[in-house]
Amino acid sequence: MDTFTRTAPSSRRRKVTGAALLAAGGAALLASVVFPANAGADPRGNNGTIKIDGVALQVGQANEPHVDCRFAIEFFGYDNGDLNASVTFSLQAPTRRPSGTQVLRTDLVPIGEDPAGGAVDLDASREYELDFTGVAPHPQQGYHVKATIHAAGSQGADTKHKVFWVQPCAAPTTTTTTTTVPVAPTTVTTLTPTTPTTLAIQGATTTTQSPQVLGEQVERSQLPRTGAGVNTLALLGGLALLIGGLISFTSRPGPGRLA
């Protein structure tokens, strides 16, 4: 009787403990089945993903190792909060500068706009066009570039790297504009030279001038003056008549003179 009384409470405790363990295990199993996404949706640590993408942007997370002059960096699955990612682009061999810095550009990108949603949750995307002034590109591949990303909010290592090739930008096109200035019409008057005319004047010498464009001009010699010779002859003739009349009158016989 005493033995039965001591063992009964111990048996009941074992039954209660087993039932509690079964309930806890069932609850944990149910939670893992009903809420699988929430169990690892926002893990701590360096859980983000970055992608190098061309422009226009593609759907998905396939990384492009060769992009054109203009490209984008996409950020997936980063934690929520006031978080930013620092981005640094630097040259890689065989397109490094002979000396000096190899850094092409640095930037700061906000990445904590929403809770981490895994590898398909796009948090940020930013386009870039790097300046390769003074850098000689590879004849086939272009420029070899390394992107280094430090994502704030990660626990432990927060650095990711992407190495890719960038094609040179096309040379700018030069446009030449030609302006035509209207010119007023010009009237040209053509003068036809006249044929030289020779005038024949009796007793005169005619000088023929060279033709002129604006008209014709003829220079005439002065006629010989003949009036003075005619008057002299008339005077001499009158004197001769007068003398002859006197001689004739004086030579006639008078009434008492014999012929």
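The values are calculated or read from the model by the stated rules, or taken from the named source; none is laboratory data. Please read all numbers here as calculations on a predicted model, not as lab measurements. All Cβ positions, glycine included, derive from the backbone under ideal geometry; neighbour counts span all protein chains shown. Remember, those area values only see protein heavy atoms, side chains included, never the ligands or the DNA or RNA. Shrake-Rupley method; radii C 1.70, N 1.55, O 1.52, S 1.80 Å.
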Pulled fully out, how much extra length does the chain show between S86 and V55, if you take 0.36 nm times their separation in residues and subtract their Cα-Cα distance? 9.0 nm
At R0 = 35 Å, how high is the FRET efficiency between N63 and T177 if r is their beta carbon distance? Nearest 0.05 is fine. 0.20
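Please compute the net charge surrounding G54, taking Lys and Arg as +1 and Asp and Glu as -1 over other residues with Cβ under 12 Å from its Cβ.
It works out to a net charge of -3.
Could you please put T180, T159 in sequence from largest to smallest accessible area, using a 1.4 Å probe?
The ordering from most to least exposed comes out as T180, T159.
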Compute the distribution of all C-alpha to C-alpha distances in region 78-153, in bins of 10 Å from 0, and list the percent of pairs in each, rounded to whole numbers. 17, 39, 24, 17, 2
Provide the solvent-accessible area of H138, counting protein heavy atoms only and rolling a 1.4 Å probe, rounded to the nearest 10 Å². 60 Å²
